[in-house]
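Below you'll find the structure, written out as structure tokens, and then a few comments.
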Amino acid sequence: MEHNEQDNAEETTPTHSEVTAQEQTQARDVDTDSQAANESQSAGTAETGSETPPAAPAQPGRGGGEDFGQMFEESMRSVQPGEIVRGRVVNIGPEFVTIDIGYKSEGHIPLAEFRQRDGQLTVSEGDEIEVYFDSADSDQEGIVLSRAKAEQFRIWRDIEEAFNSHTPVNGSIVGKVKGGLRVDIGVAAFLPGSHVDIRPIRDLDQFLGKTGNFAILKYNRARSNVVVSRRAVLEQERAALREETLKVLEEGVILEGTVKNITDYGAFVDLGGLDGLLHITDMSWGRIGHPSEMIKAGETLRVVVLKFDVEKERVSLGLKQLVPDPWGSVTERYLPGSRVQGKVVSLADYGAFVELEQGVEGLLHVSEMSWTKRISHPSKLLSVGDEVEVVVLDLDPAHRRISLGLKQVSPNPWETVRATHPVGSRIHGKVKSITDFGVFIEVEEGIDGLAHISDLHWTRKIKHPSELFKKGDEVDAVILGIDVDNERISLGIKQSAADPWVTLQQEHPVGSRINGKVTSVTDFGVFVEVADGIEGLIHISQLSTERVEKPSALFEVGNVVEAEVIHIDPREHKMGLSVKALRRSEERAEMEAYLQREREGSRFSFEDILGEELRLDRDDGDPQKS
């Protein structure tokens, strides 16, 4: 019987999954240890069996009064050595347990074979148990029994049945060996690392001490070789669950699942033999930095199926969809102009995001944080976690946007400035900064105005404001304009003094003479400085009464020139001069003077002549004189 079982065991091959050559070698290492342990146990049994057992107590019913027919029937049922037989525990002694197997004599088994690891006995007097009938000693009328061998036969029989029927066996993981784990299923079995779990496992120590079911991949009784798989059992269980899950899986259905693993972009949830992806964007209506902020591996979740691809068996899951979208009713709770409380959840270069409620955030732009301070970065004023009061500036539910303002919580100082400093009023302030295009002057604390480079001096040509001012200088200026909406004030420094162009126009109107010094000679004319910083242009056509080809032929820089003012525009700061007009004016003046003299001379002679003629006429007609 034993030889037949061994032959059958040697012919077995793996059926559940393949085992690599390396794993087979590792399994043989475990087998060697197991076989050595079995041989040691057998040897121990033999040695223990060689001890002189205590005398068996007399059994009732075996006296000379027994019926001959009964004795004959018992002899027909007598057991034979080499079999597993059932016997009854008739006595438990300090060293041996006496077993009656219905043979002509009783057997004795060492007490140690009935003790568990904790020292507890597994039998009591009167129990019926299976034992192995090893041999019979005809000379001493004794028999050799073994509980351990019976257990081994039973275990190997169960292993064979489990292998043939593809059913799992129960066992405990008791140790770690090269390439896998050692499992106690009654005999030592090898569990390859690749068959520990469905997913690859790096740390096998976490499985030590655990019990569970294992599939028999391969066994060889002669070599005490058993290879098992935990993965095959899990896959079988998972396949069964998967079939059940597919029966109810459809878009919109709510299921329970277990979080298998978490990634940066989401989590995979086991729905029962089938995994679904719960993306980070579908976990919460609010902001999430990482999925681990909301869920943990091994946690059970209720999720809704958002999308199911039957062909690819891909499932998209949602968690936030189990609760209403808060943006659907934000117009009822956040009216433009209303004040609300919120918490700063993140900062960016351009502003801060404020959470008003779970799933609803608004943007507080950096330009809406302070009326007067120039904030280079939101972190200068706010920190993540700060509780703030803000004003709702704008609401766009369709695009899930809310614009918030922090400075609007306090009065607008620009409105105050407009009331206290109307256009045309004078201020006295300090130069706060200088730029290429002008200087900023403090009007009030935190509020600066810009004096543009063109409003720094009436006549002087300025390449850079630093030619006239430096930071910290105190200056007088005039308010030229206030733009409350854009928070700008225009200032003029030159306007605090009289405009020399207006004065010049009053002193030298068109037609008047003016003297000046040539400052530059160009192809189109000559520039003449007629006052400090004020120049007029004598166009080439106005340089002489005669045609001029080159102004440089007549004038040089530094020459003093007298010309007539023919045009002046104080607003545009332009002045036109003419030597030609001056000469013609002089000629007209001389002509008028001459004509005046001529008129005066002609009028004297005529009167004189006329008077003399009248006198002569009178004399001729006077008789007395005749």
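The values are calculated or read from the model by the stated rules, or taken from the named source; none is laboratory data. Just so we're clear, the structure is a prediction, and the values are computed from it rather than from any experiment. Cβ coordinates were reconstructed from backbone atoms using ideal geometry, including for glycine residues, and neighbour counts include every protein chain displayed. For the accessible areas, the whole protein counts, side chains as well, though only heavy atoms, and no ligand, DNA or RNA atoms are used. Shrake-Rupley method; radii C 1.70, N 1.55, O 1.52, S 1.80 Å.
Quick look at the values:
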| item | result |
| --- | --- |
| In Å², nearest 10: area of residue 414 left accessible to a 1.4 Å probe | 10 Å² |
| Solvent-accessible area per residue for segment 557-596 (1.4 angstrom probe, square angstrom) | 63 Å² |
| Sequence ranges 586-594, 436-444, 573-581, 518-526, ranked by mean other-Cβ count within 10 angstrom, highest first | 573-581, 436-444, 518-526, 586-594 |
| Amide H partners (placed H, <5 Å) of residue 401, local residues excluded | 396 |
| Cross-link table 461/550; 373/470; 373/463; 104/149; 517/574; 463/517, entries beyond 19 Å C-alpha to C-alpha | 461/550; 373/470; 373/463; 104/149; 463/517 |
| Alpha-carbon Debye profile of segment 89-176, log10 I(q)/I(0) at 0.10, 0.19, 0.23 Å⁻¹ | -0.34, -0.94, -1.14 |
| Distance from segment 192-256 to segment 336-376 (C-alpha centre basis), Å | 52 Å |
| Listed residue (429, 370, 348) projecting farthest to the positive dipole end of segment 342-478, Cβ model | 429 |
| Per-peptide average of other Cβ atoms within 10 Å, ordering 460-472, 279-291 highest first | 279-291, 460-472 |
| Accessible surface of segment 323-404 [probe 1.4 Å, protein heavy atoms]: carbon and sulfur percent | 50 percent |
| Burial ranking of peptide ranges 224-233, 80-89, 358-367 (average Cβ count within 10 Å, highest at the top) | 224-233, 358-367, 80-89 |
| Radius of gyration and maximum dimension Dmax of segment 256-299, Cα, Å | 9.8, 31 |
| Amide proton proximity set for residue 91, modelled H, under 5 Å, gap of 5+ | 98 |
| Segment 234-314 - Rg (one decimal) and Dmax (whole number), Cα, Å | 12.7, 40 |
| If the convex hull is drawn through the Cα atoms of segment 152-290, its volume per residue in Å³ | 125 Å³ |
| Whole-percent carbon and sulfur share, accessible surface of segment 157-275, 1.4 Å | 46 percent |
| Integer Hz, Karplus 6.51/-1.76/1.60 couplings in order for segment 252-265, x for Gly and Pro | x, 6, 9, 10, 9, x, 10, 5, 7, 8, 10, 10, 5, 9 |
| Heavy-atom surface of segment 359-487, accessible at 1.4 Å and reported per residue (Å²) | 55 Å² |
| Whole-number D in µm²/s for segment 263-393 (Stokes-Einstein; Kirkwood sum over Cα pairs; 20 °C, 1.002 mPa s) | 125 µm²/s |
| Placed amide H near residue 317: partners under 5 Å, 5+ positions off or other chain | 277, 278, 279, 306 |
| For segment 263-314: accessible area per residue (Å², 1.4 Å) | 55 Å² |
| Accessible area of segment 406-488 belonging to carbon and sulfur atoms, whole % at 1.4 Å probe | 49 percent |
